[in-house]
Amino acid sequence: MGRRNPKKKAYNPSQPNGGASSRRKPKKAEKMEKAEKAEKPKKSNLDTPEGMTRSILQVFHNSPERGFNFKEVSRVLRVSNKMDRARVLAILEELAKQKSIEDIGRGSYRFNLKSEEIEGTIDATRKGSAYLVSPEKDDDLFIHAKNMNKALHGDTVMVKISTSRNKPEGIVTKVVKRARTQFIGTLQLNDKFGFLVPDNEKIAIDLFIPKTKLNGALNGEKVIGEITDWPNDSKNPFGKITEVLGEAGNNDVVMHSILFEYDLPFEFPAEVEAVAEKISFELDPVEIKKRRDFRDVLTFTIDPHDAKDFDDALSFQKLPNGNYEIGIHIADVSHYMQPGGILDVEAYDRATSVYLVDRVVPMLPEKLSNGVCSLRPNEEKFTFSSVFEIDDNGRVQNEWFGRTVIYSDRRFTYEEAQEIIETGAGELHEEIGIMDKIAKKMRDERFKSGAISFDRVEVKFHLDRADNATPTGVYFKEAKDSNKLIEEYMLLANKKVAQFIGDKRKHKNPKTFIYRVHDVPKPDKFDQFANFITRFGFNIKTGEGQNINKSLNEVLKAVHGKKEGNMIETLAVRTMAKAEYSTNNIGHYGLSFQYYSHFTSPIRRYPDVMVHRLLQFYLDGGKSADENEYEAFCIHCSKMEKQASQAERDSIKYKQVEFMAKHVGQRFKAVISGVTDWGIYAEVSENLCEGMISTKLMTDDTYVHDAENYCLVGTKHGKKYQMGDEVIIEVKNADLSRKQLDFLLVDSLDVPEQGYIEDEWDFEI
C-alpha cells in the first residue's frame, strides 16, 4: 500500500466496514457483497491473461470455503461482455486442470485446499509484492501484492502454489511467525488519528495509530510503534507508539534508527554493566601460575591510531637454532565470561560489535572491551596464545596453543610501524623488519596456493570535531605493509588453530569445532562476471582450480586505482559466496585454506570466544561437543554478523548523502556502477559516493534494460549506458530519509578538483 496522507479524509479502519451502514442484507447477497468488497480489480488488471488469472485466483483465495460458478466470478470481477465472460470460463477450466481450484460439480469451483503448500520466508519488494525464499524450492516463488494476506517482510509463512500463465505463483495462506511486530518510522498526524510510516521501504503498509496510543509523540517525530491488532476487514494494522526517539534527522536518532531496524541494541542493560564493573583489573596470582609466562618476552601491539580495544599482541624472540619464536597473543575474554552467565548471554545475543560511521556499539561492556581484557601497553594481561617456531622462509616448524600471561612493552600505530618498515630505523626496527619479511613470504605463498587478493579501497569520513557527526570530508583506507603484517599473523593463528582440531590426517574423527567457511562461487555467476569484464580488455580463465584465482588476482591488480576499478572489484566480491560460521568444514575458498577459524578477535566477535572455549576444552582432554548445539550457535552468529554489516552499510550511505547534500547542483565525474529497469547507479570518482539517475529523467529517449550486458539501451537512437562507463552527473537531490542521492546526467563538467587522503586499513574476512 502506498503511503497515506493523514490530512486527507480517508477510510477509517477503526469503524466496522470503514463506516458503512450496518443494516442487515439477505444472506446470499451479503456473501456476494463480501466477495466483491474483498476484490474489486481495476479494469487494467483484467486486460491481460495474467491479470485476469490473478484476479480470478484472488476471488477464490478470499473465500476459500465457498464455491463460485463462472457467472458469480464474472459478477465479482464486474465482467459483463460476452467475450470477457468466455475468457473467465476458459481460465476457470484451465485453473481446474492445474489443480489451483477444484471442480465441485454443477459448474462451480472452489479453492483447492489440497494443492501444494510450502513454508518459507517473505522477501518483500518496495512495490508490495514479494518472493518466498524456501529450502523446499530452488528458485524463489513470486507472490503478488494481492496475495500477501497480511504477510510482511521477513515473516515465516505458509504458501500455496498456483499458476498464472504457466508460471508458478504463491498465495500466502497463513502467517506462521512474524519476523517482528515493532517498527521504526515517522509519525504522520491529523486531527483524529495518525499513521506510522515505516523507514524500511520493504514494509509496504502504515500502522494506524489511534490518538489515545500516541504516547506523547508529535507529528514528524521518529518513533517506534508496535502492532496490537490487525482486523480482517482492515488493510492497515492497528498499533501503538512504544518509544519516541526524537526529531527526524537528528544524528543520534538516525543511528539509533539504523540499529533498531536490524535488531541491534543501543546500550547495555544496567544489570550487565553492574556485573562488568565488579571485575577486577588485578590478575589472580593462582591463575598466573597455571599459565605459560611471556612477561619477559618482547611483546607489542600494532593498531589503528584511534583504537581503544586491543585484542591482539605479537611477541618475538630469536631461538638458538636461528629460527624465530613468534607468538600471537589474544585477549582471554573467555576467562572473564562464564558460560551461561549474564555477560556471556548478552555477548552471545549481540554476537558482534557494530561499527557505524560515528560510533562503535561494542559486544562487551566498556570495562571489559577497553579495560580488563584490552592488551594495553605496560600492563600485564591474561591471553590465549598461538606460538610458532618459524624459519626465515616463513615455514612453521613447531606450534603451541594455550593460555598465557603477557606484558605489552610497546604500542605502535599502523603509521608508526609503516615508517619503521619503510625506513629501517626506529624502535624495534630489527624485530619488526624480520617479522615483515616473514609475513611477506607467507603472503606470497598464500597467493601461490590460490588465495584471492581483495585489497579494496574503503571510504571513510572526516567528522566535525564539534559534534563527531557531521561529515566534513572523505578519505580512503588502503592496506599498507604494516596492515598486511598484522593480517598475515592473524591468518596464521586462525588457520593453525582450525587445523589443530580439524585435520583429518591427525584425527580419524575430528571433534566438533567452529570454522569460518567460504564456499566456491556459483559457476554461472562467475562466468557472467568473466564475460562482462572482457569489455574492459580483461580475461579470466573459467573452470576449476588455482589458475582461475591466479587469473582473477591479475585482473584485480590491473584494475586497482583505475576509474572502473572499484566497480569491477565490487562485482568480483558479489560473485563470491558469503563467508559464514559452521561446524561443517568445507574450507575457505577466498583464502585457499582447507582449515580456517576465527580465534583472534574475541573482544568484538562471539565465535572467537566459543573457539577459545572449545580449544581449551579439547586441550584438557574433553570429548567432542554437541555438533547440533554449536551449529545453532553458528547460524545465530552468522545472522547477527550479516545484520551488523547491513547496519554499517546504511550508516555509510547516510553519511554519503549528508556529505553530498552540500554539493547539490554541482557536477562530478562518475562511473556507472549498476544498471536496473528503473535507472542507472553511478559512483562519483572523487569520493565513491553512489547515487541514482532515474530513467524517468532520461527524456532524450526511451531506455530498455539489457540485463545480460549490464546496460540501458535507447530504443530510438540506440544510445547505450553500460556499467563501467564514465559519465558526468549533477547532484539533483540528497534525500536523507531514504538515504539516497538523486543524480542527473549532464554533458559538461564544471567543478574544481577535490583532494582526498589515504589512511589506514583493517583486515576482515
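Points to keep in mind about this one:
- Protection-proxy order for peptides 147-158, 594-605, 484-495, 699-710, each taking the mean of Cβ atoms within 10 Å per residue, highest first: 594-605, 484-495, 147-158, 699-710
- Only lysines eight or more places from LYS508 in sequence, or on another chain, were considered; those with a Cα closer than 16 Å are LYS623.
- Looking at the chain alone, DSSP beta bridges between its own residues are antiparallel in about 90 percent of cases.
- Shape analysis of region 664-759 yields a ratio of the Cα radius of gyration to the Kirkwood radius, Rg/Rh, of 0.98.
- Packing, taken as the mean count of other beta carbons within 10 Å per residue, orders the peptides 293-306, 346-359 from highest to lowest as 346-359, 293-306.
- Count, lysine Cα pairs under 12 Å in region 117-177, 8 or more residues apart or across chains: 4
- The DSSP beta bridges internal to region 112-198 are antiparallel in roughly 95% of cases.
- Region 39-111: radius of gyration and largest Cα-Cα distance (Dmax), Å: 10.9, 31
- Given charges at beta-carbon only (K, R positive; D, E negative), |dipole| of the chain in Debye: 5100 debye
- Taking the average, over residues, of other Cβ atoms within 10 Å as the packing measure, peptides 91-97, 472-478 rank 91-97, 472-478 from highest down.
- Here PHE384, PHE281 are placed in order of increasing Cβ neighbour count within 10 Å, fewest first, which gives PHE281, PHE384.
- Counting only the Cα atoms, the chain fills a convex hull of 210 Å³ per residue.
- Of all DSSP bridge pairs formed entirely within region 270-483, close to 85 percent run antiparallel.
- Coordinate range along principal axes, alpha carbons of region 259-410, Å, largest first: 56, 37, 26
- Computed over the Cα atoms of region 343-402, pair by distinct pair, the Kirkwood hydrodynamic radius stands at 14.7 angstrom.
- Cα gyration tensor shape for region 376-497, rounded if a/c is under 1.5, else prolate or oblate: prolate
- Using the Cβ-Cβ distance between ASP503 and ASP700 with R0 = 51 Å, the FRET efficiency computed as 1/(1 + (r/R0)^6) comes to roughly 0.20.
- Bridging of LYS367 to aspartates and glutamates at a Cα separation below 17 Å is possible for GLU267, GLU271, GLU273, GLU277, GLU282, ASP309, ASP311, ASP332, ASP344, GLU346, GLU379, GLU380, once same-chain residues fewer than 8 apart are set aside.
- Size-normalised alpha-carbon gyration radius of region 197-289, reference 2.2 N^0.38 Å: 1.66
- If you wrap region 119-240 in the convex hull of its Cα atoms and look at it from every side, the mean projected area works out to 7.9 nm².
- Charge tally in the Cβ shell below 10 Å around ARG403, where Lys, Arg are +1 and Asp, Glu are -1, ARG403 excluded: +1
- Normalised contact order of the chain, rounded percent, pairs of Cα under 8 Å and 6 or more residues apart: 9 percent
A short reminder: the numbers here are calculations on the coordinates, not readings from a lab. The model shown is predicted, which means the values in this text are computed figures rather than measured ones. Neighbour counts are summed over all protein chains in view; Cβ atoms, including those assigned to glycine, are modelled from backbone coordinates with ideal geometry.
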